[in-house]
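What follows is one structure encoded as structure tokens, with my remarks underneath.
The values are calculated or read from the model by the stated rules, or taken from the named source; none is laboratory data. Nothing here was measured: the structure is a model prediction, and the numbers come from that model. Heads up, the Cβs are rebuilt from the backbone with ideal geometry, glycines too, and the neighbour counts pull from every protein chain shown.
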């Protein structure tokens, strides 16, 4: 078992102020794989103080030098990719091949896109031709607290720490205590890349401890949080006392509108996307809305695809989904499956209990319900597991109404062979993102939602701008340099 009790503060690994051990559980085996420490107020204060002290120098560092140092993080990643991917698999259950192909590569993907966007920033620009002596300067907001989740851990670290540092901010990261090992490796990448002391700091902890301490700390100017809508509300309230900027990326209940004219791969694509990462994605297309004329054949195809999905341990190679992250998550998913049965939805495949051949590990059967009606619990609430709800509709208008009738608004999906319909629906669906016909969002696009999915815009130029503040200056002489 790994021992990782230290925190990364001011360029050094330091012991916690107070002993408070936490076991990281391997969800494939239910056995501890590491022990870390949960931080105390003194640890949070030390990390924030280091970030505050480092801020003036880092903010004044030329952008080109900041970019050079960030590129050095990618060099460290390339040297330690296998170790990085194995840590993700061990701590949160992503199969190793998926960790190598999708989870870990989030770091170079987002960082590369941020670096391209960074080159386009005009740090001092004219207000406009109507005001020749007025300028707008973009400046880093200050010390930022970054709170990241366990389900796509590297993805969220890359979407927060990289743009924050590029912008000239200094930061304190609190990763999820469920999946801290990859974050600690990221801290090593920063250190070995030569990121100056105090620019990046890491304190492990839980939401009630370090998370709340960062949210209320008077020297933290901004909180960037990814997690549940419930926790997002609590952070917003806690941060209000110090009038911090708060950006939130929260839950989702994506609607996937499948029409009779969709291509032949649409059903398979939809089911596999739902089951990816064992359903533990806030943008999962968990509500499959199907045009009535192809409803039963869609259910039959979805059943076939789901029953072809294998379940297996995270560190085994091969095409399969792994366990969910912990017992609490497993219990919650089981509860939702039973509620779906009790409320009268048709169980097409899967169901409660462990998959065949397993007697330990937090494994869930890929599960599909049909005849789900608007208002059922499994239609309304985010399950965060491999559970798909299929809902029929008669008209395009009905599909839009069902899709939008949710407090969430992260990603919606459209499957249709009609470009005119697809474009029309993309504008009508209430969400921060719409993905159509299996085409992924392009390089440099943002990730973020509306309503109770939060309103962060993470990625590309938008993701950097979240950590910048515009300053209006009059009397600026553009000829003076």
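Enumerate the pairs (first residue in the range 329-353 and on the phi > 0 side of the Ramachandran plot; second residue anywhere and surrounded by 19 or more Cβ atoms within 10 Å (Cβ to Cβ) and not in a loop (DSSP other than H, G, I, E, B)) with beta-carbon separation below 7 Å, excluding pairs fewer than 6 apart on the same chain, so at least 6 apart or on different chains. Matching pairs, first to second residue: 350/306; 350/367; 350/368; 351/337; 351/367. Filtering the range 252-282 to residues that are over 29 Å from residue 364 (Cα atoms) and either free of Cβ contacts under 8 Å to residues at least 60 places away in the same chain or not in a loop (DSSP other than H, G, I, E, B) (or both) leaves only 260.
Conditions (1) under 30 Å from the mean Cα position of the chain (by Cα); (2) surrounded by 24 or more Cβ atoms within 10 Å (Cβ to Cβ); (3) outside the structural domain of residue 299 (by TED's automatic domain parsing); (4) modelled with pLDDT under 95, marked per residue:
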residue: 400; (1), (2), (3), (4): yes, no, no, no
residue: 403; (1), (2), (3), (4): yes, yes, no, no
residue: 412; (1), (2), (3), (4): yes, yes, no, no
residue: 418; (1), (2), (3), (4): no, no, no, no
residue: 422; (1), (2), (3), (4): yes, no, no, no
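Quick one: is residue 121 under 21 Å from residue 443 (Cβ atoms), crowded, with 16+ Cβ neighbours inside 10 Å and at pLDDT 95 or above? No, not satisfied. Contact annotation: residue pairs with Cβ atoms under 6 Å, 6 or more positions apart or on different chains, pairing a residue in the range 294-308 that is within 15 Å of residue 273 (Cα to Cα) with a partner that is surrounded by fewer than 21 Cβ atoms within 10 Å (Cβ to Cβ), are 303/348; 303/349; 305/268; 306/349; 307/349.
Only residues that are surrounded by fewer than 22 Cβ atoms within 10 Å (Cβ to Cβ) and more than 20 Å from residue 15 (Cα to Cα) were counted across the range 179-195, and they come to 2. Condition check for residue 363 on (1) in contact with a strand residue (DSSP E or B) (Cβ under 7 Å, 6 or more places away or on another chain); (2) surrounded by fewer than 17 Cβ atoms within 10 Å (Cβ to Cβ): one failure, at (2). For the range 278-298, filtering for residues that are in contact with a strand residue (DSSP E or B) (Cβ under 8 Å, 6 or more places away or on another chain) and buried (at least 22 other Cβ atoms within 10 Å of the Cβ) leaves 12. Identify, from the list 435, 458, the residue that is surrounded by 17 or more Cβ atoms within 10 Å (Cβ to Cβ) and either within 16 Å of the chain's Cα centre (by Cα) or assigned by TED's automatic domain parsing to the domain that holds residue 158 (or both). Going through 435, 458 in turn, just one is surrounded by 17 or more Cβ atoms within 10 Å (Cβ to Cβ) and either within 16 Å of the chain's Cα centre (by Cα) or assigned by TED's automatic domain parsing to the domain that holds residue 158 (or both): 458.
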